[in-house]
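Scroll down for the structure; my scribbles are underneath it.
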Amino acid sequence: MSTTILPTDQPPLMHQAVEEAVRLLQSGDVVALPTETVYGLAADALNPQAVAKIFEAKERPSFDPLIVHLPDKKLLDTVADVPEDVQKVVARLIERFWPGPLTLLLPKKPCVPDIVTAGLPTVAVRVSNNPVFKRVAAALNKPIAAPSANRFGAISPTSANAVLAELDGRIPLILDGGACLHGLESTIIKVEPGTPKALITVVRPGPITIEDLKLYAKVQRVTKTLVDEASEAPGQLASHYAPRTPLRLLSKPSEFTPEEGKRYALMSFRGEEKDGYIDLADWEQVMILSPGNGKLPEAAVRFFYVLRELDKLGVDEIIAEPMLEHGMGTAMMDKLRRASVRRA
Ligand code: TXA
Ligand code: MG
């Protein structure tokens with residue numbers, strides 16, 4: 001199979017690209033689409049044979065369920081039941097954050113095939129705010145199952161070229177919507193009733209931050225790092241987001257002494273000498289996430305790109321500077337910790 005990339009950056013091109021994507025999705029095929037978080041590998045969520053092609057292309061194990069993307073927030077009750085005791089808080093969250101990078105775990109409706117939810121009684125749902133994705137979803141007018149468009153366990157793609165690097169020859173089409181706005185996957189939450197406030201459990205931290213969610217409910221995080229199939233988000237394996245190159249996350253500069261003859265690359269937060277990391281070694285390469293002041297949302301946009309680039313160098317080890325654990329720093333630190341647990 002050859003993989004085509006179609007541009008969307010001019011109105012007639014957008015029109016053609018969306019039409020071709022919808023044609024493939026209607027015929028039960030998969031298409032990679034941009035979202036505001038990362039690129040997704042999309043299929044008609046209500047067609048189990050189409051969804052099976054996602055698992056095949058990604059080499060994703062069948063125990064790992066997919067996120068369902070709705071064309072419009074009004075359609076939530078077509079795929080999920082919102083329990084009576086959390087209806088109010090869920091309505092407020094949806095009003096505030098949809099369309100956008102927030103995924104809700106809710107009891108599923110019978111129309112959602114088991115292959116989508118890996119047999120779980122819940123379904124993960126969100127509505128994307130990406131202009132290309134929105135057009136495709138509106139024209140298809142069906143829920144779309146879409147995990148990140150990378151091979152299982154690998155780094156999420158935030159550009160059409162990164163999707164190609166992951167899935168070339170395995171999927172027919174990629175719509176090129178440029179770089180993703182946020183650069184990190186959606187925040188996944190579970191909502192439970194509570195007094196006086198509902199309880200939100202953040203299963204995967206992301207662009208909608210814990211600070212954002214605190215305005216709506218009491219918020220807790222799932223803190224386990226060694227997660228398995230029985231966990232809150234089955235795809236959140238400890239070894240996820242791993243580059244092929246070993247990665248080490250430091251908590252302070254003095255933790256690292258380079259070994260003679262080994263080659264190292266540095267993922268630096270803001271590239272400032274005074275932070276103490278730049279002069280630690282004779283780095284093969286230093287890539288800076290947010291030069292100067294170090295802004296977390298800017299670092300997030302470049303995060304997976306930088307990780308992918310450093311992984312191409314073939315060094316012995318990638319060394320990562322720590323980031324502040326608030327805002328989007330929470331999600332990046334979570335990913336760096338998972339990436340630094342080596343695969344068995
Ligand atoms: O931003 C995003 O969420 C991107 C874009 C494409 O929408 N999608 C994405 O999907 O990150 P994926 O499959 O790479 O990650 C979805 C995570 C997985 O860890 C999966 O285990 C978890 O969501 N998940 C899906 N359905 C679930 C469910 N019913 N219960 C618990 N976890 C679930
Ligand atoms: Mg993923």
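What follows is calculated from the coordinates using simple rules that are stated; it is not laboratory data. Since we're looking at a predicted model, the values are computed, not measured. Cβ placement follows ideal geometry from the backbone for every residue including glycine, while neighbour counts extend to all protein chains displayed.
When you count the other C-beta atoms within 10 angstrom of each residue and take the mean per peptide, 100-106, 13-19 line up highest first as 100-106, 13-19. Multiplying the residue separation of residue 282 and residue 85 by 0.36 nm and subtracting their alpha-carbon distance yields 65.2 nm.
Helix 329-339 and the longest principal axis of the Cα set of the chain meet at an angle near 80°.
Would you work out the Kirkwood radius for region 114-190? I mean one over the mean of 1/r across all pairs of different Cα atoms, in Å.
Numbers: mean 1/r = 0.0703 Å⁻¹.
Evaluated over region 114-190, this radius sits at 14.2 Å.
For residue 256, no residue 5 or more places off, or on another chain, has a built amide H under 5 Å of its own.
By how many nm would the segment from residue 337 to residue 220 lengthen if fully extended, with 0.36 nm per residue of separation less the alpha-carbon distance?
On the way: separation 117, 0.36 × 117 = 42.12 nm, distance 1.87 nm.
Value of the extension gain: 40.2 nm.
Annotation: amide H-H contacts under 5 Å for residue 247 (H modelled 1.01 Å from N, sequence separation of 5 or more, or interchain): 318.
Each principal axis of region 1-93 carries a Cα extent, and these read 49, 35, 23 Å when sorted largest first.
For region 158-174, the Karplus equation 6.51 cos²θ - 1.76 cosθ + 1.60, evaluated at θ = phi - 60°, returns couplings of 10, 8, 4, 5, 5, 4, 4, 4, 7, 10, 4, x, 10, 9, x, 8, 10 Hz by residue, with Gly and Pro reported as x.
Rounded to the nearest 5, what % of the DSSP beta bridges within the chain are antiparallel ones? Could you put the intermediate results ahead of the total?
Numbers: 18 of 45 bridges.
Here the share of antiparallel DSSP bridges comes out near 40 percent.
Taking the average, over residues, of other Cβ atoms within 10 Å as the packing measure, peptides 310-316, 198-204 rank 198-204, 310-316 from highest down. Angle of helix 11-26 to the longest C-alpha principal axis of the chain, folded into 0 to 90 degrees and rounded to 10: 70°. Taking the longest Cα principal axis of the chain as reference, the axis of helix 87-97 is set at about 60 degrees. Note on the chain: percent of Cα-Cα distances in each 10 Å bin, starting at 0 and stopping at the bin with the largest distance, equals 6, 25, 34, 24, 10, 2, 0.
What ranking, highest mean first, results for peptides 167-174, 34-41, 292-299, 122-129 when packing means the other Cβ atoms within 10 Å averaged over each residue?
34-41, 122-129, 167-174, 292-299
Per residue of the chain, the DSSP helices (runs of n ≥ 4 H) give a summed -39500 (n - 2.57) that works out to -8000 deg cm²/dmol at 222 nm. Across region 275-324, Cα-Cα pairs more than 13 Å apart make up 60 percent of the total. With contacts taken as Cα pairs under 8 Å and at least 6 residues apart, region 150-198 reaches a relative contact order of 30 percent.
In the structure displayed, which of 214/252; 108/190; 58/190; 109/335; 109/197; 190/218 lie more than 20 Å apart, Cα to Cα? Present the calculation step by step, with values, prior to reporting the outcome.
Numbers: 214/252 30 Å; 108/190 13 Å; 58/190 26 Å; 109/335 31 Å; 109/197 26 Å; 190/218 12 Å.
Those over the limit are 214/252; 58/190; 109/335; 109/197.
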